[in-house]
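The values are calculated or read from the model by the stated rules, or taken from the named source; none is laboratory data. These numbers come from a predicted model, not from an experiment. Cβ coordinates were reconstructed from backbone atoms using ideal geometry, including for glycine residues, and neighbour counts include every protein chain displayed.
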Amino acid sequence: MKRILITGCAGFLGSHLSDRFLKEGFDVIGMDNLLTGEMNNIAHLMKEKHFTFYHHDVSKFVHVPGDLDYILHFASPASPIDYLKMPIQTLKVGSLGTHNLLGLAKAKKACLLIASTSEVYGDPLVHPQSEEYWGNVNPIGPRGVYDEAKRFQEAITMAYHTYHGLDIRIVRIFNTYGPRMRLNDGRALPAFFGQAIKGEDITVFGDGSQTRSFCYVDDQVEGIYRLLMSDYHLPVNIGNPVEISIKDVAEEILTLTNSTSKIIYLDLPKDDPKVRKPDISKAKEILAWEPKVSRKEGLELTYQYFLKKIESNN
Ligand code: UDP
C-alpha cells in the first residue's frame with residue numbers, strides 16, 4: 001500500500017484530495033494546523049482505518065514516522081482576504097514549510113507535488129497564460145506575500161530537483177470552486193452565494209469587468225491526480241479555460257439562486273488581476289486531461305452545498 005502525506009488536508013482542496021487518495025487505495029496522512037482549514041471537512045475521514053490526522057504547522061520541523069511515497073503540499077491561506085489577514089504565516093508556509101517538506105521528501109525518497117498557483121503570473125500581460133510566461137507580480141503589494149511565497153516555492157523545489165535529483169511535480173492551480181469552500185473566505189463565488197442566499201447585496205469589486213476562469217473541484221482533483229502519477233517535473237496549469245467576467249458570474253448566481261439581492265459595486269482591491277485564463281495545452285498533451293464539469297453543473301452543485309450549510313447554520 002502506498003503512503004501519502006497531504007498538508008492542508010482540512011482545507012478545501014486538501015480534503016477533496018484526501019478523499020480521492022483514500023478511494024485510490026492509499027494510506028493517507030493528513031496534516032493541518034487548522035489556521036484556515038476546518039475539521040468539518042475531514043470529520044467523515046476520522047474513523048477511516050487508512051487516514052491519520054496530525055495537527056501540525058508545517059512551517060516548523062515536520063516529522064512523519066515510517067515510509068512515505070508521496071507528499072502533496074497544499075497547506076496555505078489561499079484567498080486574498082486570508083493572506084491579507086495572515087501575511088507572515090502565508091510567507092512562512094510557502095517558504096519554510098516547503099523547505100521542511102523538501103527535506104522530508106529527500107529523507108524518505110518520496111515524490112513531492114507542490115500546489116502552485118496562477119498568482120505566479122500576477123496581473124498578466126500575456127493572455128491566456130501558458131507555463132512559459134514569467135508573470136507580472138508586485139512583490140511588495142498586498143498579494144506579494146502569497147505570490148512571492150509561491151514563486152519561491154517553485155524555485156526551491158526546482159533547485160532540489162536539479163541539485164539533489166528529487167522527484168517533483170508543480171501544479172499551477174487556477175480559480176477552483178465547489179463544496180467545502182469557506183463562506184467567509186472572501187472569494188468571489190462563496191461571497192456571492194452567501195449574499196444571494198441570505199438576500200444581502202452582492203459585492204462586485206470594481207466594475208466587474210475583470211475576468212476569471214472557474215474550475216470545478218472534481219476536475220481540479222483529477223488533474224492533480226494525473227500529474228502526480230505522471231513523470232513530468234515542470235509546471236503544469238490546471239484550470240478551466242472558460243473565461244467569464246465577475247459581473248456575469250454574479251448575475252448567473254443571482255439567476256440560479258432565484259435571489260432578490262441587488263449587485264453593488266465596491267472599490268477594486270489593489271493589484272487585482274484584470275484577466276485570468278489558463279492555457280491548458282500542456283495538461284491536455286501530457287496528462288490527457290481537460291475539465292469535464294460545465295459551470296452550470298458546477299455552480300448548481302456548489303449552490304446545493306452552500307444552501308444546506310446556511311440552513312443548518314454550520
Ligand atoms: N470579487 C468581487 N467581490 C467579492 C469577492 C471578490 O467582485 O466579494 C472579485 C475580486 O476582486 C476578483 C474576482 O472577484 O476580481 C475573483 O476574486 P477571488 O477572491 O475569488 O480570487 P482571485 O482570483 O482574485 O484570487
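For the reader, a short list of remarks on this structure follows.
- Taking the criterion of being in a strand (DSSP E or B) and more than 11 Å from HIS73 (Cα to Cα), the only residue of the range 1-17 that qualifies is ARG3.
- Matching entry among SER213, SER294 (being over 20 Å from ARG182 (Cβ atoms), away from the ligand (no atom under 16 Å from the Cβ) and of a type in the set (Ser, Thr, Tyr)): SER294
- Close pairs from the range 262-277: first more than 6 Å from the ligand (Cβ to nearest atom), partner of a type in the set (A, V, I, L, M) and assigned to a strand (DSSP E or B), Cβ under 9 Å, at least 6 apart: LYS262/ILE202; ILE263/ILE202; ILE263/VAL204; ILE264/ILE202; ILE264/VAL204; TYR265/VAL204; LEU266/VAL204
- Being within 30 Å of PRO65 (Cβ to Cβ), in contact with a His (Cβ under 9 Å, 6 or more places away or on another chain), within 16 Å of the ligand (Cβ to nearest atom) and among the hydrophobic types (A, V, I, L, M, F, W, C) holds for only one residue in ALA115, ALA149, and it is ALA115.
- Only listed residue being at pLDDT below 95 and under 22 Å from MET31 (Cα atoms), chosen from TYR146, TYR83: TYR83
- Any chance ASP67 is within 16 Å of the chain's Cα centre (by Cα) and over 23 Å from GLY122 (Cα atoms): no
- Of all residues in the range 101-139, none satisfies the criterion of being assigned to a helix (DSSP H, G or I), surrounded by fewer than 20 Cβ atoms within 10 Å (Cβ to Cβ) and either at positive phi or among the polar types (S, T, N, Q) (or both).
- Filtered residues of the range 83-100 (kept if within 16 Å of the ligand (Cβ to nearest atom) and crowded, with 21+ Cβ neighbours inside 10 Å): TYR83, THR90, GLY94
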